[in-house]
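Data first, discussion second: the structure below is written as structure tokens.
A short reminder: the numbers here are calculations on the coordinates, not readings from a lab. Everything numeric in this text was worked out from a predicted model, so none of it was measured. Note that each Cβ is placed from the backbone with ideal geometry, even for glycine, and that neighbours are counted across all protein chains shown.
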Amino acid sequence: MPERTLAEVWGLVPAVLGIVAIGLVLGLVVTAVDRVVVVGASGAAVEPIRSSARLLVEQRRTTLAPDRLLWRIGCVAVPTLALLSLAVVPVGGRTLWSTSADLVWFNAMEALLWAAVWLVGWGPNAIHALTGGYRFLAQGLAYELPLMFALITAGLAAGSLRTTDVVAAQQGLWFVVTMPVAFVVFVASAAAFAFWGPFAAPAAPDIAGGVTSELSGVDRLLVEAGRAVFLGASAAMAAALFLGGDSGPWLPGPLWHLLKTLAVVAALVWVGRRMPMLRPDRTVEVGWMVLVPLTLLQALIVAVLVLNGFYA
Amino acid sequence: MLSELSGWAITAVAALGVLSVAAGVAVFVVDSMARATFALLASFLAVAGILLALDLVYLAVVTALMMTIEMAIMAVFMIMFMMNPAGLMPMTMVHNAKGSAVTGAGAFVVLTVGIWTIDWPTRDTSRPADSTRQLGEAIMGSHMLVMLVIGIGLFTTILAGTVLATSRGRYDRFGAGLTAKRPDDPVPGGLRR
């Protein structure tokens, strides 16, 4: 049954501000861990803040005849959608708002992020940015369905699309045990949607930075922060959906969820930075030919387990 | 029905309704393919907002999800089919102005007359606690045949669209006798075959 949401417990404004703060901290953590893995520990926590401040005061440069309206909408939408996807991630056992379709909400925010990134590529009226935008479109198309199936698999086992119900259903056994494929695909698809690590082709050096090539100043800050926040939010969601959320011995629940989120972030960055950036035609074909059948098979196995009363 | 909704919900439905019509009009006013696409998306998102105000969360979220994906796929098809591939040059969404005006007015009349003259059934039971579950049971139960027919219809359309969009067939890929071990593709792809 629906429990009380964060907005009801803390009040709407403090709860929204709290979620925004948590999202920004998660984004900062992702950036810092990324920096530790790539260049070592020196100044890992300070550097993202310093470059953010620099981007805030940097003057914006523009291109010839950009579609300014759509460009700005795209840049603002990327971090906004990343934060909105955090609205259904449980924090201390509660979500900012709780509906009977939380998992679909998370997925919808991802789909909107997909459209927003294309806008970021479209806006500046520049060839490299547009190429990056279309690369991202193809990549998002290929990883949307595996991600959807991975989310639905967790919902299927819990018998509910509400995130808090999914967490509650893992009291006995973490879902990652029976659905490891869904877990891995979920995290990989999150990286694909943040065009990060091996999936960074939409922002690759061969097209001069792709979708991010014409971004400067606050626009670049918004898009880069949005990518980091989205990766952090996805890690928190993965910890909630597959790693039992806040369940664990001795320590208080929220701390467990935080530790699991950090573990997912560390694993994601550590593995992702050890893989080469893949050509988009490769990642897209893997998505369609390997991940879609694999996640369908995973959903089938979980469905059979549900019918046998395994999760009851 | 209206009396069950709060004042906030009625205001939100009215405002979002106006917004969705305005965004729909914008589709035919703007002069770029990208703006037309995203005006249409804004219109659909306003409809999703209306569903949310009516407390039909699943329908609202799935509308936002599907329509966003649809608009993005439209951008993919835009590259495949249009003579102006990226839609970069100014263009208009208005074609066959007279014919479409007649069709549009006709559809409006039929829908309006239908809405105001049909004797809509009234609900005699209380509201379900979970509209998502009720919807799922309807789709997977009494309306399954309709959903299957629509699903297969959509899938066939997607396949047909893709077949029309590509000029290459299996003989181009595997040779006249279909004997080649590896397909001859312009884009090699990621898997060994």
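Restricting the trypsin sites (Lys or Arg not before Pro) of region B:126-191 to loop positions (DSSP other than H, G, I, E, B) with no more than 12 neighbouring Cβ atoms within 10 Å leaves B:Arg168, B:Lys181.
With a cut-off of 10 Å between beta carbons, the residues surrounding A:Gly74 carry a summed charge of -1, where Lys and Arg count +1 and Asp and Glu -1.
From a point 7 Å beyond the Cα of A:Leu56 in the direction of its Cβ, which residues of region A:1-31 have a backbone N at a distance under 19 Å? Only A:17-31 pass the distance filter. For the Cα trace of region B:89-128, dividing Rg by the Kirkwood Rh returns an Rg/Rh value of 1.34. Of all the options A:Val78, A:Val184, A:Val117, the one that moves most in a Gaussian network model of chain A with Cα springs shorter than 10 angstrom is A:Val184.
Please sort by residue number the chymotrypsin sites (Phe, Trp or Tyr not before Pro) in region A:235-293 whose DSSP state is loop and whose Cβ has at most 14 other Cβ atoms within 10 Å. Answer by residue number: A:Trp250. Taking amide H positions as modeled 1.01 Å from N, with prolines and chain starts lacking one, the residues under 5 Å from A:Gly209 and 5 or more places away or on another chain are A:Ala204. Taking a point 7 Å out from the Cα of B:Thr122 in the direction of its Cβ, the residues of region B:1-44 whose backbone N falls within less than 18 Å of it are B:1-5. Residues considered: B:Thr92, B:Thr179, B:Thr132. Largest GNM mean-square fluctuation over chain B, using C-alpha springs under 10 Å, is found at B:Thr179.
Restricting the trypsin sites (Lys or Arg not before Pro) of region A:269-304 to loop positions (DSSP other than H, G, I, E, B) with no more than 10 neighbouring Cβ atoms within 10 Å leaves A:Arg274. When you count the other C-beta atoms within 10 angstrom of each residue and take the mean per peptide, B:19-25, B:153-159 line up highest first as B:19-25, B:153-159.
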